[in-house]
Amino acid sequence: MRAAAVAIALAAAALPAKAACPDLAEVSTFARALLERRVPLPFAPGTDPGCAQQRLVGMLAQPWGDIEGFALAAEVAPPLRGALFHANFRERSGATIEAAYAARPAIAPALLLTIGREGVESAADPLAHVARVAPFLVLLDLAAMPAGMDAASRRAGNLGLRLGVVGTAVPLRDTSALGAAALLQADHSTVASLPGLGLATRPAALLGGLAREVAAEGRPLRTGDQVALMGPGAPVAPRGGETWRLTVEGLGAVVVNFR
């Protein structure tokens, strides 16, 4: 999936006429701050968050790689949508990364779905089109939401998506596994115990809704596309020397070490 295609797909429903698209210079300054691990100034009041997201994604896709999927912040309903970069999939379970990988690091537990065949948007059972699933730790930068964590700010900042660590993918033979309990730990201490990963909407409805949305925008889900269903972010930031683990019952675990 290419950056330009997904940038177009990220344009959502029309906003009030007063909402304005941020100019490229403003978005470039915002993106540069994130890349330099600084907190950017918020976008100007009245900014169209969808257009801000499109332009920010286009700029970040140059240093962080092609857009390879979608993320849904699904601890809220309706969910919020973001673009997943190649950098989100670069690290595998057991990787060691800097704790200060971002200006305001945060971790969200997720399930990473790999689409196995097309036609999800018209499927009676969208999950039947999922080939594999993996536990997934999404590494966020909350600095991408300098104005706060309201829906418009999260959308404009592409949910704060920055890096990620992927666990071992397994075939999705039993869709009930997507509703299994999840445990997020830091050095064996429980950070969050999450029934159904803390998702506010059933996985089938999340995937089906996303598929219809992007198909209506001219870019249906394709074989090999990745979709991350994200639960609520951890209330504490990672620290150097810690090992974080997400365990999803029946699906395994994903681990990241921080230095």
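The values are calculated or read from the model by the stated rules, or taken from the named source; none is laboratory data. Only a predicted model underlies this, so the values are computations on that prediction, with no experimental measurement involved. Every residue, glycine as well, gets a Cβ built from its backbone with ideal geometry; the counts of neighbours run over all protein chains shown.
Beta carbons closer than 6 Å, at least 6 apart along the sequence or on distinct chains, pair a first residue in segment 112-137 that is acidic (Asp, Glu) and surrounded by 18 or more Cβ atoms within 10 Å (Cβ to Cβ) with a second that is at pLDDT 95 or above and not in a strand (DSSP E or B) for Glu121/Ala211; Glu121/Arg212; Glu121/Ala215; Glu121/Pro220.
Every residue, every condition in (1) surrounded by fewer than 22 Cβ atoms within 10 Å (Cβ to Cβ); (2) closer than 29 Å to Ser122 by Cβ; (3) in contact with a Ser or Thr (Cβ under 9 Å, 6 or more places away or on another chain); (4) at pLDDT 95 or above, yes or no:
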| residue | (1), (2), (3), (4) |
| --- | --- |
| Ala182 | no, no, yes, yes |
| Val191 | yes, no, no, yes |
| Leu197 | no, yes, no, yes |
| Arg202 | yes, yes, no, yes |
| Gly218 | yes, yes, no, yes |
| Gly241 | yes, no, no, yes |
| Gly252 | yes, no, yes, yes |
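Working carefully through the options Ala143, Ala156, find the one that is in contact with a Lys or Arg (Cβ under 8 Å, 6 or more places away or on another chain) and over 17 Å from Gly231 (Cβ atoms). One residue alone meets the criteria, Ala143.
The set of residues in segment 17-39 that are under 13 Å from Ala143 (Cβ atoms) and outside any helix (DSSP H, G or I) comprises Glu36, Arg37, Arg38, Val39. Is it the case that segment 181-192 has a residue that's aliphatic (A, V, I, L, M) and either closer than 28 Å to Ala31 by Cα or within 15 Å of the chain's Cα centre (by Cα) (or both)? So far as segment 181-192 goes, no, none of its residues is aliphatic (A, V, I, L, M) and either closer than 28 Å to Ala31 by Cα or within 15 Å of the chain's Cα centre (by Cα) (or both).
Going through segment 245-259 one residue at a time, which ones are within 9 Å of Gln185 (Cβ to Cβ) and either in contact with a Pro (Cβ under 6 Å, 6 or more places away or on another chain) or of a type in the set (Lys, Arg) (or both)? So that I can check it myself, show each step before the final result.
Of all residues in segment 245-259, those within 9 Å of Gln185 (Cβ to Cβ) come to 245-247.
Result: Arg245, Leu246.
Sub-6 Å Cβ pairs linking a first residue in segment 34-50 that is over 15 Å from Leu60 (Cα atoms) to a second residue that is assigned to a loop (DSSP other than H, G, I, E, B) and charged (D, E, K, R), at least 6 apart or interchain, are Gly46/Lys18, ordered by first then second residue. Against the list (1) crowded, with 18+ Cβ neighbours inside 10 Å; (2) of a type in the set (Gly, Ala, Ser); (3) assigned to a helix (DSSP H, G or I), the condition Ala106 fails is (3). I'd like to know if segment 40-49 contains one or more residues that are farther than 22 Å from Gly196 by Cα and in a helix (DSSP H, G or I). Among the residues of segment 40-49, at least one is farther than 22 Å from Gly196 by Cα and in a helix (DSSP H, G or I), which makes the answer yes.
Run down Ala12, Ala5, Ala71 and say which single residue is outside any loop (DSSP other than H, G, I, E, B), closer than 20 Å to Val214 by Cα and modelled with pLDDT under 95.
Details: Ala12 fails: outside any loop (DSSP other than H, G, I, E, B); Ala71 fails: modelled with pLDDT under 95.
Ala5 is the lone residue from the list that is outside any loop (DSSP other than H, G, I, E, B), closer than 20 Å to Val214 by Cα and modelled with pLDDT under 95.
Among the residues of this structure, Leu34 counts as one that is crowded, with 20+ Cβ neighbours inside 10 Å and either of a type in the set (Val, Ile, Thr) or at negative phi (or both).
Using the structure shown, decide if Thr223 is closer than 23 Å to Arg90 by Cβ and among the polar types (S, T, N, Q). Let's see the steps before the verdict.
Numbers: closer than 23 Å to Arg90 by Cβ: yes; among the polar types (S, T, N, Q): yes.
So Thr223 fits the description; yes.
Could you say which residue among Ser122, Ser153 is more than 14 Å from the chain's Cα centre (by Cα) and within 17 Å of Val57 (Cβ to Cβ)? If you could, list the steps in order and put the result at the bottom.
Working: Ser122 fails: within 17 Å of Val57 (Cβ to Cβ).
Matching residue, one of Ser122, Ser153: Ser153.
Only a single criterion out of (1) surrounded by fewer than 17 Cβ atoms within 10 Å (Cβ to Cβ); (2) touching a residue at least 40 places away in the same chain (Cβ under 8 Å) is not satisfied by Gly157, namely (1).
Per-residue answers, yes or no, for (1) in contact with a Lys or Arg (Cβ under 6 Å, 6 or more places away or on another chain); (2) not β-branched (Val, Ile, Thr):
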{"site": "Ala52", "(1), (2)": "no, yes"}
{"site": "Ala61", "(1), (2)": "no, yes"}
{"site": "Ile67", "(1), (2)": "no, no"}
{"site": "Pro79", "(1), (2)": "no, yes"}
{"site": "Gly94", "(1), (2)": "no, yes"}
{"site": "Ala102", "(1), (2)": "yes, yes"}
{"site": "Ala106", "(1), (2)": "no, yes"}
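Consider Arg55 carefully, then state whether it is without any contact (Cβ under 8 Å) to a residue 24 or more places away in the chain, basic (Lys, Arg) and in a helix (DSSP H, G or I). In short, no.
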